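Each remark here refers to the structure printed beneath this line.
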Amino acid sequence: QVQLVEFGGGLVQAGGSLRLCCAATGNIFSINDMGWYRQGPGKQRVLVATITSGGSPDYADSVKGRFTISRDNGKNTVYLQMNSLKPEDTDVYYCAADHGGVEVWGQGTLITVSS
């Protein structure tokens, strides 16, 4: 079993920055890709950014140039640095990890960007 715990959500003004952290605990072996997704009320969960175990990132077009995903395999932690935030970035953000082919999710953290 792997558990993901997220930190760093909150309220920020447009143009500001936030940093999300997600720590994996438990059976951390066989964790492959990790990533961040977002979901709004009544909407599907969509990709924000992912990163392979080797550190190769991929981003949704809407966040390219503004968000940076990184990971520390020694700490079993993935980060999302969010800069130049916009009101449309407001959503619940979820951490995800591929654990031996099984997708594991964090509890979600709310990001609210005020205009």
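Laboratory data are not the source of any read-out in this text; all were calculated from the coordinates shown. Being a predicted model, the structure only gives us computed values, none of them experimental. Here the Cβ positions follow ideal geometry from the backbone for every residue, glycine too, while neighbour counts run over all protein chains shown.
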Checklist outcome for this item: Rh_Kirkwood(the chain) over Cα pairs, Å, one decimal, evaluates to 14.0 Å
Checklist outcome for this item: Net charge (Lys, Arg +1; Asp, Glu -1) of residues whose beta-carbon lies under 13 Å from that of Gly55, Gly55 excluded, is -2
Item to check | For Leu85, residues with placed amide H under 5 Å, excluding near neighbours | outcome: Gly15, Gly16
Item to check | Charge context of Val46, other residues only, Cβ under 10 angstrom, K/R +1, D/E -1 | outcome: +2
Checklist outcome for this item: Under the 7 Å Cα-to-Cβ spin-label approximation, Gln107 and Ser84 lie apart by a distance in nanometres of 3.4 nm
Checklist entry - Which whole-Hz ³J(HN,Hα) couplings does the range 11-26 yield from phi under the Karplus relation 6.51 cos²θ - 1.76 cosθ + 1.60, θ = phi - 60°, glycine and proline marked x? => result 9, 9, 7, 4, x, x, 10, 9, 10, 9, 10, 9, 9, 9, 10, x
Checklist entry - Tell me, what is the percent relative contact order of the chain, built from C-alpha pairs under 8 Å that lie six or more residues apart? => result 37 percent
Next on the checklist: What is the sum of charges, Lys and Arg at +1 and Asp and Glu at -1, for the other residues whose Cβ falls under 13 Å from the Cβ of Thr68?
Outcome noted: +3
Checklist outcome for this item: Computed over all unlike Cα pairs, the Kirkwood hydrodynamic radius of the range 47-101 in Å stands at 12.2 Å
Checklist outcome for this item: The long-range amide H neighbours of Thr90, using H built 1.01 Å from N in the peptide plane and a cut-off of under 5 Å, are Val113
Item to check | Given charges at beta-carbon only (K, R positive; D, E negative), |dipole| of the range 17-115 in Debye | outcome: 220 debye
